[in-house]
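The values are calculated or read from the model by the stated rules, or taken from the named source; none is laboratory data. Since this is a predicted model, take the numbers as computed values, not measurements. Because the Cβ atoms are built from the backbone with ideal geometry, glycine has one as well, and the counts that use them run over all protein chains shown.
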Amino acid sequence: MTTPKPLAPSRSLFRLLKPQGQGANISALFMVLGLLMTGGFMAIALSAPLLQQWGLLLDPTASLTNPIHQPPTAGHWLGTTRQGYDVLSRTIFGTRAAWQVVLLATAMSVVVGVPLGMVSGYLGGRLDRVLLFLMDTIYTLPGLLLSVTLAFVVGRGVVNAAIALSIAYVPQYYRVVRNHTVSVKTELFIEAAQAMGASTWTVLSRYLFLNVVQSVPVLFTLNAADAILVLGGLGFLGLGLPEQTPEWGADIRQALDALPTGIWWTALFPGLALTLMVTGLSLVGEGLNDLVNPLLRRETWQK
């Protein structure tokens, strides 16, 4: 008897990527735009230390050597803050800090939520009911409120902020993967594997995993966009990264007092960077969703 093969997608990758009408072309255009924006921010984050080493960027934590509240000039392209920080350096290094926290937080959520969802959906029974109740309880809590509460407990830092953010996203991966698992485990190739004596680990890792994680990349990018906003909120409340660490939310909070006096550059550029990065990730997530759910894409544009 031959070993059953995992369920293969009914559409090839080429057919999924092939434009299907005006709606698909616009969606693909938005996804490319999102990829360019996201890739640009990733390149900025990776190159920030090199730019500082080459003398193209100032030290984002140096304040005593710079003038205070200087508008954009040739020496400080985006101006300086009340503390004398260079806004350009703070904004660019803030990109690096945002990527570190967000990627770590979303990776933690995937590592915890996906296995729990597969085990819960496949085994069922009391374990499934307990996990479902726990995840639904966490899911009903506002994400920002939950992150703020956890940030109070764990304190500041990249890892601590990532932990505070990740807990809110675990139920989303759990629910999506569990629902897919419950549906796929009734397929014939799963029943054939069970009849041949395949262990639970074999079924989960070999036959179920690739068939239930199609929506995970979509969730990953959308959660990353949301995590940037929540991280900005934590920084605004003084609960994000340590003091003097370049962070968009903290920089915006420190710039608010100077806004009524006409000092606009200290808040504009960190806020603009945050907005553009969130927009880029959201466009990538929506584009991936169209690729994963082509039927939904056609129905949306037919309406």
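Search segment 153-173 for residues that are within 14 Å of VAL101 (Cα to Cα) and pair each with any residue that is among the polar types (S, T, N, Q) and not in a helix (DSSP H, G or I) when their beta-carbon atoms are under 9 Å apart and the residues are at least 6 apart or on different chains.
Listed by first residue and then by second, the contacts come to ARG156/THR245; VAL158/THR245.
Limited to segment 42-99, what total is found for residues that are among the charged types (D, E, K, R), surrounded by fewer than 16 Cβ atoms within 10 Å (Cβ to Cβ) and either part of a helix (DSSP H, G or I) or within 29 Å of the chain's Cα centre (by Cα) (or both)?
1
Would a scan of segment 189-199 turn up a residue that is of a type in the set (Asp, Glu) and farther than 30 Å from GLY271 by Cβ?
So far as segment 189-199 goes, yes, one or more of its residues are of a type in the set (Asp, Glu) and farther than 30 Å from GLY271 by Cβ.
Could you tell me which residue of segment 238-287 is nearest to GLY84 (Cα to Cα), considering only residues that are hydrophobic (A, V, I, L, M, F, W, C), out of contact with any helix residue (DSSP H, G or I) (no Cβ under 8 Å at 6 or more places or on another chain) and not in a loop (DSSP other than H, G, I, E, B)?
Restricting to residues being hydrophobic (A, V, I, L, M, F, W, C), out of contact with any helix residue (DSSP H, G or I) (no Cβ under 8 Å at 6 or more places or on another chain) and not in a loop (DSSP other than H, G, I, E, B), the top hit is LEU268.
Would you check if ALA198 is aliphatic (A, V, I, L, M), at pLDDT below 90 and more than 27 Å from THR137 (Cβ to Cβ)?
The answer is yes for ALA198.
Quick check on GLY232: is it surrounded by fewer than 22 Cβ atoms within 10 Å (Cβ to Cβ) and either acidic (Asp, Glu) or farther than 22 Å from LEU291 by Cα (or both)? Show your work before the answer.
Values: surrounded by fewer than 22 Cβ atoms within 10 Å (Cβ to Cβ): no; either acidic (Asp, Glu) or farther than 22 Å from LEU291 by Cα (or both): yes.
Spelling it out, it is not the case that GLY232 is surrounded by fewer than 22 Cβ atoms within 10 Å (Cβ to Cβ) and either acidic (Asp, Glu) or farther than 22 Å from LEU291 by Cα (or both).
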